[in-house]
Amino acid sequence: MSFVEIEQVVKRYGGSIPVDHLSLTIRQGEIFGLLGPNGAGKSTTIKMLCGLLDIDQGSIRVEGISIRERPLDVKRRIGLVPQDLALYERLTARENVAFFARLYGLRGALLQERVDEALSFVGLGDRQHERPGAYSGGMKRRLNIACAIAHHPKLIIMDEPTVGIDPQSRNHILDSVRQLNRMGSTIIYTSHYMEEVAALSTRIGILDKGHLIALGTQEELRAQLAEEERLVVQAPRVSPEAVRELSAHPRIRRVAECEGRLEIHARPGQAPLQDVLFILSKHEVAIESLTRVEPDLEALFLSLTGRTLRD
Ligand SMILES: Nc1ncnc2c1ncn2[C@@H]1O[C@H](COP(=O)(O)OP(=O)(O)OP(=O)(O)O)[C@@H](O)[C@H]1O
Ligand SMILES: [Mg+2]
(Lines give C-alpha, C1' and ligand atoms only; values in the text may rest on other atoms or scores of the structure.)
(Ligands and ions follow the chains in the order given, each with its own letter.)
Protein backbone atom coordinates (compact mmCIF):
# COMPACT_ATOMS: atom_id res chain seq x y z
CA MET A 1 0.00 0.00 0.00
CA SER A 2 1.32 3.44 -0.79
CA PHE A 3 1.79 5.44 2.35
CA VAL A 4 3.13 8.68 0.91
CA GLU A 5 2.22 9.86 -2.57
CA ILE A 6 4.19 12.70 -4.06
CA GLU A 7 2.70 13.69 -7.40
CA GLN A 8 4.26 16.05 -9.90
CA VAL A 9 5.48 18.35 -7.13
CA VAL A 10 7.17 21.60 -8.07
CA LYS A 11 8.93 24.19 -5.91
CA ARG A 12 10.30 27.39 -7.40
CA TYR A 13 12.53 30.09 -5.96
CA GLY A 14 12.69 32.94 -8.43
CA GLY A 15 14.29 31.44 -11.51
CA SER A 16 15.50 28.22 -9.89
CA ILE A 17 13.43 25.05 -9.55
CA PRO A 18 14.86 22.98 -6.66
CA VAL A 19 12.05 20.42 -6.99
CA ASP A 20 10.91 19.87 -10.54
CA HIS A 21 7.82 17.74 -11.20
CA LEU A 22 8.83 15.12 -8.67
CA SER A 23 6.68 12.01 -8.37
CA LEU A 24 7.43 9.35 -5.81
CA THR A 25 5.56 6.78 -3.76
CA ILE A 26 6.69 5.54 -0.37
CA ARG A 27 5.27 2.23 0.86
CA GLN A 28 4.10 1.51 4.35
CA GLY A 29 6.76 -0.11 6.51
CA GLU A 30 9.76 0.65 4.36
CA ILE A 31 12.98 2.49 5.02
CA PHE A 32 13.18 4.72 2.02
CA GLY A 33 16.59 6.25 1.34
CA LEU A 34 16.60 9.52 -0.53
CA LEU A 35 20.09 10.00 -1.85
CA GLY A 36 21.41 13.05 -3.62
CA PRO A 37 24.29 15.53 -3.69
CA ASN A 38 24.21 18.94 -2.00
CA GLY A 39 21.45 21.08 -3.42
CA ALA A 40 19.60 18.15 -5.02
CA GLY A 41 16.33 19.22 -3.41
CA LYS A 42 16.11 16.65 -0.59
CA SER A 43 15.37 19.11 2.24
CA THR A 44 13.00 21.15 0.08
CA THR A 45 11.01 18.00 -0.72
CA ILE A 46 10.89 17.02 2.92
CA LYS A 47 9.82 20.47 4.08
CA MET A 48 6.89 20.34 1.64
CA LEU A 49 6.01 16.83 2.82
CA CYS A 50 5.91 18.05 6.44
CA GLY A 51 3.90 21.17 5.63
CA LEU A 52 6.73 23.55 6.48
CA LEU A 53 6.91 24.87 2.95
CA ASP A 54 4.11 25.51 0.45
CA ILE A 55 3.88 23.35 -2.65
CA ASP A 56 3.81 25.48 -5.81
CA GLN A 57 2.33 22.75 -7.99
CA GLY A 58 1.32 19.11 -7.59
CA SER A 59 0.16 17.27 -4.49
CA ILE A 60 1.43 15.29 -1.52
CA ARG A 61 -0.71 12.80 0.36
CA VAL A 62 0.07 10.80 3.49
CA GLU A 63 -2.29 7.87 4.04
CA GLY A 64 -4.46 9.44 1.38
CA ILE A 65 -4.67 12.78 3.21
CA SER A 66 -3.62 15.89 1.33
CA ILE A 67 -1.07 18.04 3.12
CA ARG A 68 -2.55 21.10 1.47
CA GLU A 69 -6.14 20.35 2.50
CA ARG A 70 -5.61 18.87 5.96
CA PRO A 71 -2.13 19.91 7.12
CA LEU A 72 -2.72 19.14 10.81
CA ASP A 73 -3.90 15.59 10.12
CA VAL A 74 -0.76 14.97 8.10
CA LYS A 75 1.58 16.62 10.61
CA ARG A 76 0.22 14.45 13.41
CA ARG A 77 1.38 11.36 11.54
CA ILE A 78 4.91 12.64 11.02
CA GLY A 79 8.00 12.97 13.17
CA LEU A 80 10.61 15.16 11.53
CA VAL A 81 14.28 15.15 12.43
CA PRO A 82 15.33 18.30 10.57
CA GLN A 83 18.71 18.79 8.95
CA ASP A 84 19.27 21.94 11.02
CA LEU A 85 18.96 21.10 14.71
CA ALA A 86 15.77 22.39 16.30
CA LEU A 87 16.43 22.47 20.05
CA TYR A 88 15.85 25.03 22.76
CA GLU A 89 19.14 25.84 24.44
CA ARG A 90 17.43 27.17 27.55
CA LEU A 91 15.52 23.99 28.20
CA THR A 92 17.02 20.75 29.48
CA ALA A 93 17.05 17.74 27.20
CA ARG A 94 14.00 16.34 28.96
CA GLU A 95 12.14 19.63 28.73
CA ASN A 96 12.92 19.78 25.01
CA VAL A 97 11.40 16.37 24.37
CA ALA A 98 8.40 17.20 26.55
CA PHE A 99 7.89 20.48 24.69
CA PHE A 100 7.62 18.73 21.33
CA ALA A 101 5.49 15.92 22.77
CA ARG A 102 3.04 18.52 24.12
CA LEU A 103 2.80 20.11 20.68
CA TYR A 104 1.57 16.74 19.48
CA GLY A 105 -1.10 16.66 22.16
CA LEU A 106 0.46 14.38 24.79
CA ARG A 107 -0.39 15.23 28.40
CA GLY A 108 -0.04 13.95 31.94
CA ALA A 109 1.27 10.49 32.76
CA LEU A 110 1.36 9.39 29.13
CA LEU A 111 3.51 12.42 28.27
CA GLN A 112 6.02 11.58 31.04
CA GLU A 113 6.08 7.93 29.98
CA ARG A 114 6.71 8.76 26.33
CA VAL A 115 9.41 11.30 27.20
CA ASP A 116 11.19 8.66 29.32
CA GLU A 117 10.86 6.16 26.51
CA ALA A 118 12.20 8.54 23.84
CA LEU A 119 15.15 9.65 25.96
CA SER A 120 16.17 6.13 26.84
CA PHE A 121 15.66 5.05 23.24
CA VAL A 122 18.33 7.51 22.06
CA GLY A 123 20.59 6.68 25.01
CA LEU A 124 20.31 10.01 26.80
CA GLY A 125 18.39 8.88 29.87
CA ASP A 126 21.25 9.57 32.22
CA ARG A 127 21.98 13.06 30.83
CA GLN A 128 18.38 14.21 30.44
CA HIS A 129 18.60 17.03 32.97
CA GLU A 130 21.42 18.82 31.15
CA ARG A 131 20.89 21.54 28.60
CA PRO A 132 21.83 20.68 25.01
CA GLY A 133 24.58 23.32 25.12
CA ALA A 134 26.62 20.83 27.16
CA TYR A 135 26.11 18.07 24.58
CA SER A 136 28.40 16.89 21.80
CA GLY A 137 27.17 17.22 18.21
CA GLY A 138 26.16 13.56 18.17
CA MET A 139 24.20 13.86 21.41
CA LYS A 140 22.35 16.90 20.06
CA ARG A 141 21.41 14.87 17.00
CA ARG A 142 20.13 12.05 19.19
CA LEU A 143 18.12 14.53 21.26
CA ASN A 144 16.69 15.90 18.02
CA ILE A 145 15.55 12.36 17.22
CA ALA A 146 13.98 11.92 20.68
CA CYS A 147 11.97 15.12 20.07
CA ALA A 148 10.63 13.64 16.84
CA ILE A 149 9.53 10.24 18.13
CA ALA A 150 7.86 10.72 21.53
CA HIS A 151 4.40 10.98 19.92
CA HIS A 152 4.89 7.64 18.11
CA PRO A 153 4.58 8.94 14.56
CA LYS A 154 3.70 6.51 11.80
CA LEU A 155 6.14 8.24 9.48
CA ILE A 156 9.59 9.33 10.66
CA ILE A 157 11.59 11.58 8.39
CA MET A 158 15.26 12.09 9.05
CA ASP A 159 17.09 14.71 7.03
CA GLU A 160 20.82 13.98 7.03
CA PRO A 161 20.89 12.98 10.69
CA THR A 162 24.51 11.85 10.67
CA VAL A 163 26.29 14.83 9.14
CA GLY A 164 29.34 15.92 11.13
CA ILE A 165 29.06 13.60 14.12
CA ASP A 166 31.33 11.05 15.78
CA PRO A 167 31.25 7.41 14.60
CA GLN A 168 29.72 6.15 17.85
CA SER A 169 26.71 8.46 17.62
CA ARG A 170 26.46 7.67 13.95
CA ASN A 171 26.17 3.94 14.59
CA HIS A 172 23.71 4.61 17.37
CA ILE A 173 21.54 6.62 14.98
CA LEU A 174 21.69 4.00 12.23
CA ASP A 175 20.66 1.30 14.73
CA SER A 176 17.83 3.53 15.96
CA VAL A 177 16.51 3.90 12.43
CA ARG A 178 16.35 0.11 12.04
CA GLN A 179 14.73 -0.32 15.42
CA LEU A 180 12.09 2.38 14.84
CA ASN A 181 11.28 0.65 11.59
CA ARG A 182 10.97 -2.74 13.29
CA MET A 183 8.61 -1.14 15.79
CA GLY A 184 6.34 -0.21 12.89
CA SER A 185 7.29 3.25 11.62
CA THR A 186 7.79 3.97 7.96
CA ILE A 187 11.06 5.85 7.52
CA ILE A 188 12.30 8.35 5.00
CA TYR A 189 16.00 8.92 5.36
CA THR A 190 17.96 11.48 3.35
CA SER A 191 21.68 11.51 2.98
CA HIS A 192 24.44 12.22 0.55
CA TYR A 193 26.39 9.32 2.03
CA MET A 194 25.92 6.45 -0.34
CA GLU A 195 27.17 3.85 2.16
CA GLU A 196 24.56 4.79 4.76
CA VAL A 197 21.68 4.74 2.36
CA ALA A 198 22.86 1.43 0.94
CA ALA A 199 23.18 -0.13 4.40
CA LEU A 200 19.78 1.00 5.66
CA SER A 201 17.25 1.25 2.91
CA THR A 202 14.72 -1.18 1.55
CA ARG A 203 14.36 1.09 -1.48
CA ILE A 204 16.41 3.99 -2.72
CA GLY A 205 15.58 7.05 -4.77
CA ILE A 206 18.35 9.14 -6.24
CA LEU A 207 17.56 12.81 -6.55
CA ASP A 208 19.53 15.24 -8.66
CA LYS A 209 18.65 18.85 -9.49
CA GLY A 210 15.08 18.32 -8.33
CA HIS A 211 14.57 15.21 -10.49
CA LEU A 212 14.33 11.58 -9.45
CA ILE A 213 16.95 9.97 -11.69
CA ALA A 214 16.79 6.42 -10.31
CA LEU A 215 14.49 4.39 -8.09
CA GLY A 216 14.50 0.83 -6.84
CA THR A 217 15.94 -1.67 -4.40
CA GLN A 218 19.68 -1.79 -4.18
CA GLU A 219 19.73 -4.91 -6.32
CA GLU A 220 17.60 -3.23 -8.97
CA LEU A 221 19.83 -0.18 -9.04
CA ARG A 222 22.97 -2.27 -9.24
CA ALA A 223 21.44 -4.30 -12.04
CA GLN A 224 21.23 -1.13 -14.11
CA LEU A 225 25.00 -1.14 -14.02
CA ALA A 226 25.75 -4.83 -14.05
CA GLU A 227 26.57 -4.66 -17.70
CA GLU A 228 29.09 -1.92 -17.26
CA GLU A 229 32.78 -2.28 -16.47
CA ARG A 230 34.50 0.38 -14.47
CA LEU A 231 38.22 1.05 -14.22
CA VAL A 232 39.73 3.49 -11.75
CA VAL A 233 43.14 4.88 -12.58
CA GLN A 234 45.07 6.75 -9.95
CA ALA A 235 47.28 9.23 -11.80
CA PRO A 236 48.18 12.74 -10.61
CA ARG A 237 48.56 14.34 -14.02
CA VAL A 238 46.55 13.32 -17.04
CA SER A 239 46.68 15.55 -20.11
CA PRO A 240 43.45 16.66 -21.77
CA GLU A 241 44.66 14.91 -24.94
CA ALA A 242 44.85 11.58 -23.10
CA VAL A 243 41.32 12.05 -21.72
CA ARG A 244 40.08 12.96 -25.18
CA GLU A 245 41.61 9.88 -26.76
CA LEU A 246 40.19 7.62 -24.04
CA SER A 247 36.74 9.18 -24.46
CA ALA A 248 36.87 8.59 -28.20
CA HIS A 249 37.57 4.87 -27.76
CA PRO A 250 34.60 2.92 -29.17
CA ARG A 251 34.31 0.67 -26.09
CA ILE A 252 34.54 3.50 -23.56
CA ARG A 253 31.28 5.09 -22.59
CA ARG A 254 32.45 7.78 -20.23
CA VAL A 255 35.61 9.15 -18.66
CA ALA A 256 35.33 11.19 -15.47
CA GLU A 257 38.26 12.94 -13.90
CA CYS A 258 38.47 14.06 -10.29
CA GLU A 259 41.24 14.69 -7.80
CA GLY A 260 44.00 12.74 -9.51
CA ARG A 261 41.65 9.92 -10.42
CA LEU A 262 40.24 8.81 -13.71
CA GLU A 263 37.08 6.76 -13.78
CA ILE A 264 36.55 4.92 -16.99
CA HIS A 265 33.19 3.35 -17.76
CA ALA A 266 33.37 0.77 -20.49
CA ARG A 267 30.63 -0.89 -22.47
CA PRO A 268 29.63 -4.47 -21.60
CA GLY A 269 32.03 -7.28 -22.25
CA GLN A 270 35.73 -7.42 -21.73
CA ALA A 271 37.05 -4.11 -20.37
CA PRO A 272 39.53 -2.52 -22.75
CA LEU A 273 42.29 -2.67 -20.17
CA GLN A 274 45.08 -3.09 -22.70
CA ASP A 275 43.87 -0.15 -24.75
CA VAL A 276 43.59 2.06 -21.67
CA LEU A 277 47.15 1.23 -20.68
CA PHE A 278 48.36 1.81 -24.22
CA ILE A 279 46.70 5.23 -24.50
CA LEU A 280 47.89 6.37 -21.08
CA SER A 281 51.48 5.32 -21.72
CA LYS A 282 51.43 6.93 -25.16
CA HIS A 283 50.57 10.22 -23.42
CA GLU A 284 53.25 9.56 -20.80
CA VAL A 285 50.81 9.44 -17.91
CA ALA A 286 52.41 8.20 -14.67
CA ILE A 287 49.99 5.59 -13.31
CA GLU A 288 50.01 4.99 -9.56
CA SER A 289 47.40 2.27 -9.62
CA LEU A 290 44.70 0.78 -11.78
CA THR A 291 41.71 -1.11 -10.39
CA ARG A 292 38.60 -2.72 -11.77
CA VAL A 293 35.68 -1.89 -9.46
CA GLU A 294 32.32 -3.44 -8.77
CA PRO A 295 29.43 -1.09 -9.49
CA ASP A 296 27.91 0.73 -6.52
CA LEU A 297 25.44 3.59 -6.07
CA GLU A 298 28.20 6.13 -6.57
CA ALA A 299 28.97 4.51 -9.92
CA LEU A 300 25.30 4.60 -10.83
CA PHE A 301 25.08 8.29 -10.01
CA LEU A 302 28.20 8.96 -12.04
CA SER A 303 26.91 7.01 -14.99
CA LEU A 304 23.57 8.84 -14.89
CA THR A 305 24.88 12.36 -14.36
CA GLY A 306 28.57 12.38 -15.27
CA ARG A 307 29.28 13.81 -11.82
CA THR A 308 30.19 12.32 -8.44
CA LEU A 309 27.81 12.49 -5.48
CA ARG A 310 30.23 14.67 -3.55
CA ASP A 311 31.28 17.25 -6.13
N1 LIG B 1 14.76 29.59 0.71
C2 LIG B 1 15.41 29.39 -0.43
N3 LIG B 1 15.53 30.36 -1.36
C4 LIG B 1 16.17 30.15 -2.52
N5 LIG B 1 16.73 28.98 -2.88
C6 LIG B 1 16.65 27.97 -2.00
C7 LIG B 1 15.99 28.11 -0.74
N8 LIG B 1 16.06 26.92 -0.10
C9 LIG B 1 16.74 26.09 -0.92
N10 LIG B 1 17.10 26.71 -2.06
C11 LIG B 1 17.83 26.10 -3.18
O12 LIG B 1 17.18 24.93 -3.58
C13 LIG B 1 18.11 23.92 -3.95
C14 LIG B 1 17.83 22.66 -3.19
O15 LIG B 1 18.14 22.84 -1.83
P16 LIG B 1 17.89 21.72 -0.73
O17 LIG B 1 18.23 22.32 0.58
O18 LIG B 1 16.55 21.15 -0.89
O19 LIG B 1 18.98 20.64 -1.15
P20 LIG B 1 19.46 19.34 -0.38
O21 LIG B 1 19.35 18.21 -1.33
O22 LIG B 1 18.76 19.22 0.91
O23 LIG B 1 21.00 19.62 -0.15
P24 LIG B 1 21.96 19.35 1.12
O25 LIG B 1 22.53 17.98 0.91
O26 LIG B 1 23.01 20.39 0.99
O27 LIG B 1 21.16 19.49 2.36
C28 LIG B 1 19.48 24.50 -3.70
O29 LIG B 1 20.01 24.96 -4.92
C30 LIG B 1 19.22 25.64 -2.75
O31 LIG B 1 20.17 26.66 -2.93
MG1 LIG C 1 19.31 19.20 2.81
- Can you give the net charge of the other residues whose Cβ lies under 13 Å from the Cβ of residue 62, counting K and R as +1 and D and E as -1? +3
- Task: At a 1.4 Å probe radius, which order do 189, 104 fall into by accessible area, largest first?
- Result: 104, 189
- How large is ³J(HN,Hα), in whole Hz, for each residue of region 8-25 in order, when computed from phi with the Karplus curve 6.51 cos²θ - 1.76 cosθ + 1.60 and θ = phi - 60°, using x for Gly and Pro? 6, 7, 10, 10, 10, 10, x, x, 8, 10, x, 10, 10, 6, 8, 10, 6, 10
- Item | Å² per residue, accessible surface of the chain at 1.4 Å | 48
- Item | Longest DSSP-loop-exposure-free segment, GluC sites (Glu not before Pro), the chain, at most 13 other Cβ within 10 Å | 90-226
- According to the square roots a ≥ b ≥ c of the eigenvalues of the Cα gyration tensor, what is the shape class of region 163-305, taking rounded for a/c under 1.5, prolate for a/b larger than b/c otherwise, and oblate for the remainder? prolate
- Message: Using a Förster radius of 30 Å, what is the FRET efficiency between residue 282 and residue 304 based on their Cβ-Cβ separation? Nearest 0.05, please.
- Response: 0.45
- Query: Taking Cα pairs under 8 Å and at least six residues apart, what relative contact order does the chain come out at, in percent?
  - Reply: 19
- Item | Set of region 10-52 residues, backbone N closer than 20 Å to the point 7 Å along the Cα-Cβ line of residue 103 | 43-52
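The values are calculated or read from the model by the stated rules, or taken from the named source; none is laboratory data. Here the structure is a predicted model, which means the values were calculated and not measured. Quick reminder, even Gly has a Cβ in these numbers, built from the backbone with ideal geometry, and neighbours come from all protein chains shown. Quick note on the areas: whole protein, heavy atoms, side chains included, nothing else; ligands and nucleic acids left out. Shrake-Rupley method; radii C 1.70, N 1.55, O 1.52, S 1.80 Å.
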